[in-house]
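Participant: Below you'll find the structure I mean.
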Amino acid sequence: MAADRGSDSESRRHRKSESQSQGSVNGDEIEEPDFSDPEGYVDDISEEELLGDLLRSKPKESDGIDNIVVVDNVPQVGPDRQEKLKNVIRKIFEKFGKINREFFPVTNEKTKGYVFIEYTSPLHASEAVKMANGYKLDKQHTLQVNIFSDFDKYEKIPEEWEPPKPKPYHDVGNLRYFLQEPDCYDQFSVIYDGGDRTAIFKNTAREPVLIEERARWTETYIRWSPQGTYLATFHAKGIALWGGEKFEQIMRFSHPGVQLIDFSPCERYMVTFSPILSTQEDQQQIIIWDIRTGMKKRGFHCETQSTWPILKWSNDGSYFGRITPDTLSVYETPSMGLLEKKSLKITGLRDFSWSPSDNIIAYWVPEQQNVPARVTLIQMPSRQELCIKNLFNVADCKMHWQKNGDYLCVKVDRYSKAKKIDEKDQFKYSGLYYNFELFRIREKQIPVDKVEVKENVIAFAWEPVGSRFAFIHGESPRISVSFYQIRPGKVETIKTLERKQANHLFWSPTGQFIVLAGLRNMNGVLEFVDASDVTVMAQTEHFMATDVEWDSTGRYVVSAVSWWGHKVDNGYWIWSFQGRLLQKIQLERFCQLLWRPRPPSLLSLEQMRAIKKNMKKYTEQFEVMDRLRQSNVSTEILEKRSEMMNEYKSFRERATEEWEGMKYRRLELRDGVDTDTLEYEENDEEIVEFLLKVEEVVVEE
């Protein structure tokens, strides 16, 4: 081997000498460059400047441990209970992401009271810290969860505490300013021009007045919050909330691809849904946000297709519920934790809904083998069953709460009589009929009334205040609308309107008045009905109408033809509650109109009764104000017309002066012929007279 290395070095020296001699022969001297530093040179280039990229990729001690969490304050148990403890901890933390491994330190065969859990991604670890820190395992143990790398950060806390710098306060103004409108004009939002323009209008007496208009304010559609405080706009990267007199941006929520949103009734929380997964590790399509802080409170997976909203809120926003297979999970706010750390196991659970006024849940389950279908009312958070109603031959159920929570109507689709087709207890059902199961929530033991309908039920709606309800039934062209009222001990039929073209019911928010609408394929037929005596006040039509919207006061109603549903005659019409047409607004590619909601009145029932009692006195005051406003409007119209006429006269003078100044140019282009006077050449007139008839009349003396 040494001989080989020696021969290699000798051959290299030989080749080098040959190349040098060849260079000398050619007359070119080859000199090697000198890379040595000159005397006195000081190297002032740092390693970060020279090797910045490499140093940034240098591994750190904390790399690889950001996906590990430390769970403290875990119960210390012996060998007989360790497996159960591991299952409980695993069940709590595996919902935040996939767990690689877990480690329970043990001393003297007893757990030490803390656990190490390693996730596949740091995102899952941070989510576990955010959601599980402070989780109450039992009365004696509240979990404390931290990222493993945080311990190094906590060790390096400076001895002198520096207070955090406060964020500058940004005053967005009074978010409820619209309630201080002296004339109580309502506002509404309009999207038009195919979604490119969004405007906010004030519905004044004469015509809507523009408040704010912006181009590309939203990318799809908009939503008002339940009490009208916020306006939500949709964007590719998430949701933006706007408010105040100038509609300034209040908060942004990052959720790429968001398609649906929902607010809690108290406007404290917002739920967003996006079918797009941001990363493979973070697979939460449903996110709950704190509106005031903009912080993410909790996320959920969406394993199956469900109807929106997937999360349903209680009347005051204290709880929300969610259905998973055979399970009803109720969560409490603001912790967003599972109520009492356990869900309700309900086999075959199909649907549920909250009472709009109390913490009561109504749910139904279909028939299973020999067990009938049932509707159950339970009280939250005690989980006490208030009422159970068994149902037979059920095909489907729909639950409708009255706005005040006094009544619950369950529309039951039932199969007709069944015929046994073999000896294995197999039955064949033929046809459907319908029942309304009416629960009297405020009465003792919650009695249930039944209304049976043989015909197909198209739509159902409660009167928002009171005990009346209406529903559309039958098949075209024999469609009828029936009105019922719940009285003590019985349910009475008020009246049935026959041969109607209607497929939707729209009650006024204040009750008494209802619009029967035949939307889309029924050509936009509208009937305005006074439900107190079921008389038709007006019957009219908005051809091809796609939407009907009442304002929150019940004074006005809008019918609209949306570009999203119909490509021509887009616009909206404003009607009075009696069916009198007030405004016709045609907008190019009009898409959506939404009235701005109002929060519940702060007046007590006694104050409302006093106002109704003295209504005559207030009516006189309002009539005087209306007459004064009408005179003011007339003056404004005259002034506006005079201003428009003055503008026209000045424009005509400028145009005439410009036309006369271009006369020389016209003569030049037309070979000296003055065409301005051709129309006004003088003509010779000749008068021709001829006899038409002769008539003699004898006048008696």
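Participant: Within the range 139-190, how many residues are surrounded by 12 or more Cβ atoms within 10 Å (Cβ to Cβ), without any contact (Cβ under 8 Å) to a residue 40 or more places away in the chain and not charged (D, E, K, R)?
Facilitator: Qualifying residue count, the range 139-190: 1.
Participant: All but one of (1) outside any loop (DSSP other than H, G, I, E, B); (2) within 16 Å of Gln259 (Cβ to Cβ); (3) of a type in the set (A, V, I, L, M, F, W, C) hold for Phe320, so report the exception by its number.
Facilitator: (2)
Participant: Also, quick follow-up: Do we have any residue at all in the range 261-273 that's surrounded by 13 or more Cβ atoms within 10 Å (Cβ to Cβ) and modelled with pLDDT under 90?
Facilitator: Checked the range 261-273: no residue is surrounded by 13 or more Cβ atoms within 10 Å (Cβ to Cβ) and modelled with pLDDT under 90.
Participant: For the range 172-217, which fully contained strands (runs of 3 or more DSSP E) count at least 2 residues that are of a type in the set (Phe, Trp, Tyr) and under 27 Å from His566 (Cα atoms)? Give the steps one after another, and end with the answer.
Facilitator: Working: elements: 187-192, 197-202, 209-215.
So the answer is 187-192.
Participant: Please go through the range 48-91 and pick out each residue that is part of a loop (DSSP other than H, G, I, E, B) and at pLDDT below 90. Don't jump to the end; show me each part of the working.
Facilitator: Going residue by residue through the range 48-91, those that are part of a loop (DSSP other than H, G, I, E, B) are 51, 57-67, 73-78.
Across the range 48-91, the qualifying residues are Leu51, Ser57, Lys58, Pro59, Lys60, Glu61, Ser62, Asp63, Gly64, Ile65, Asp66, Asn67.
Participant: So how many residues does the range 526-546 have that are over 21 Å from Glu463 (Cβ atoms) and under 29 Å from the mean Cα position of the chain (by Cα)?
Facilitator: Count: 5.
Participant: Given the criteria more than 24 Å from Tyr230 (Cα to Cα), surrounded by 18 or more Cβ atoms within 10 Å (Cβ to Cβ) and at pLDDT 95 or above, does Trp550 qualify?
Facilitator: Working: more than 24 Å from Tyr230 (Cα to Cα): no; surrounded by 18 or more Cβ atoms within 10 Å (Cβ to Cβ): yes; at pLDDT 95 or above: yes.
Against the criterion (more than 24 Å from Tyr230 (Cα to Cα), surrounded by 18 or more Cβ atoms within 10 Å (Cβ to Cβ) and at pLDDT 95 or above), Trp550 does not qualify.
Participant: Every residue in the range 460-479 that is modelled with pLDDT under 95, under 16 Å from Gly518 (Cβ atoms) and among the small types (Gly, Ala, Ser), please.
Facilitator: Answer for the range 460-479, where residues must be modelled with pLDDT under 95, under 16 Å from Gly518 (Cβ atoms) and among the small types (Gly, Ala, Ser): Gly474, Ser476.
Participant: In a loop (DSSP other than H, G, I, E, B) and over 28 Å from the mean Cα position of the chain (by Cα): is that true of Ser357 in this structure? First the steps, then the outcome.
Facilitator: On the way: in a loop (DSSP other than H, G, I, E, B): yes; over 28 Å from the mean Cα position of the chain (by Cα): no.
No, not satisfied.
Participant: Okay, moving on. Mind checking which residues of the range 560-589 are more than 14 Å from Ser508 (Cα to Cα) and in a strand (DSSP E or B)? Break it down stepwise before answering.
Facilitator: Within the range 560-589, the subset more than 14 Å from Ser508 (Cα to Cα) is 560-574, 580-589.
Passing the criteria: Ala560, Val561, Gly571, Tyr572, Trp573, Ile574, Leu581, Leu582, Gln583, Lys584, Ile585, Gln586.
Participant: Oh, and also: Please indicate, with yes or no, whether at least one residue in the range 590-606 is in a helix (DSSP H, G or I), loosely packed, with under 11 Cβ neighbours inside 10 Å and at pLDDT below 95.
Facilitator: Yes.
The values are calculated or read from the model by the stated rules, or taken from the named source; none is laboratory data. What you see is a predicted model, and the numbers here were worked out from it, not measured in a lab. All Cβ positions, glycine included, derive from the backbone under ideal geometry; neighbour counts span all protein chains shown.
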